[in-house]
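J.: The structure under discussion is supplied below as structure tokens; questions concerning it will follow.
The values are calculated or read from the model by the stated rules, or taken from the named source; none is laboratory data. Everything numeric in this text was worked out from a predicted model, so none of it was measured. Backbone-built Cβ (ideal geometry, glycine too); neighbour counts: all protein chains shown.
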Amino acid sequence: MVKKSVRAKTAGAMDLDAYPVLVRCLAEEDGGGFLASAPDLPGCVSDGETPEQALGNVRDAILAWLSAAREAGDPTPRPSVAGSYCGRWPKRRAMRA
């Protein structure tokens, strides 16, 4: 699982770069590809064929989530952790006997 933050600014909105995003591989039984979620925003998820596509799609989902909350008069949660991207994609390695 990779943590990455989403970067985008909109007029009157807080900096989305602060919202952490989790990206994980989807199993083939689930359609394959990657799932990106913003844990600070309940139900805010998206997917894509590549990690980059999933991140781009979840950026749109975050913008839509925050916009809908503002329109409904609901509070928008503050980011739990300032996002950062380490650039590391852990891979499982087969153990040699």
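J.: For the stretch 37-75, how many residues are part of a loop (DSSP other than H, G, I, E, B), acidic (Asp, Glu) and closer than 16 Å to Tyr19 by Cα?
T.: Total satisfying the criteria: 1.
J.: Answer yes or no as to whether Asp60 is among the charged types (D, E, K, R), touching a helix residue (DSSP H, G or I) at 6+ places or on another chain (Cβ under 7 Å) and on the phi < 0 side of the Ramachandran plot.
T.: No.
J.: How many of the residues making up the stretch 53-66 are in contact (Cβ under 8 Å) with a residue 24 or more places away in the chain and either surrounded by fewer than 13 Cβ atoms within 10 Å (Cβ to Cβ) or farther than 11 Å from Ser37 by Cα (or both)?
T.: Count: 3.
J.: Does at least one position in the stretch 14-29 carry a residue that is surrounded by 10 or more Cβ atoms within 10 Å (Cβ to Cβ), at pLDDT below 90, assigned to a loop (DSSP other than H, G, I, E, B) and out of contact with any strand residue (DSSP E or B) (no Cβ under 7 Å at 6 or more places or on another chain)?
T.: Yes, the stretch 14-29 contains at least one residue that is surrounded by 10 or more Cβ atoms within 10 Å (Cβ to Cβ), at pLDDT below 90, assigned to a loop (DSSP other than H, G, I, E, B) and out of contact with any strand residue (DSSP E or B) (no Cβ under 7 Å at 6 or more places or on another chain).
J.: Does Arg78 fit the bill of being assigned to a loop (DSSP other than H, G, I, E, B), at pLDDT 50 or above, among the basic types (Lys, Arg) and surrounded by fewer than 16 Cβ atoms within 10 Å (Cβ to Cβ)?
T.: yes
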